[in-house]
Amino acid sequence: RHYYKRYQTGQQDASSARLTDQRVTLLEEIGFGFDPEAPKPPQSKWDLMYNLLKDYSVEHNTIITTQRLLYKGQHLGSWVSCQRHYYKRYQTGQQDASSARLTDQRVTL
């Protein structure tokens with residue numbers, strides 16, 4: 001953050017020149033916050049579980065889970081099971097308040 005302040009004000013010397021435009025962009029792309037006081041955007045539970053499923057698939061080369069799977073402290077298996085259920089309701093147009101969480105955008109992910 002110190003280097004970022006120097007970067008912003010144009011006061012870069014040899015030590016703070018480590019923070020280039022490209023590096024700032026890369027950090028911002030992954031959600032790095034240069035301001036420690038700024039509130040972090042909340043991550044929805046769905047997004048959290050989706051990201052855990054991506055991690056799980058990379059680690060295990062599969063997304064097939066048991067319903068009781070506990071992964072990184074989260075009930076990933078039951079979440080996957082629910083998503084399959086919601087998807088069936090989504091396909092048949094039978095969405096109610098609970099299955100409406102499965103949006104077109106989430107289906108295409």
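The values are calculated or read from the model by the stated rules, or taken from the named source; none is laboratory data. No experiment lies behind these values; they were computed from the predicted model shown. Backbone-built Cβ (ideal geometry, glycine too); neighbour counts: all protein chains shown. When the accessible area is computed, the model is the full protein with side chains, heavy atoms only, and any ligands, DNA or RNA have been set aside. Shrake-Rupley method; radii C 1.70, N 1.55, O 1.52, S 1.80 Å.
Taking into account only those residues within segment 46-78 that are open to solvent by less than 40 Å² (accessible area, probe 1.4 Å) and in contact (Cβ under 8 Å) with a residue 24 or more places away in the chain, which is nearest to ARG106 (Cα to Cα)?
TRP46
Under 8 Å between Cβ atoms, at least 6 apart or on separate chains: pull out the pairs that start in segment 82-109 with a residue that is loosely packed, with under 12 Cβ neighbours inside 10 Å and end on any residue that is modelled with pLDDT of 70 or more.
The qualifying pairs are ASP96/ARG89; SER98/TYR86; LEU109/TYR50.
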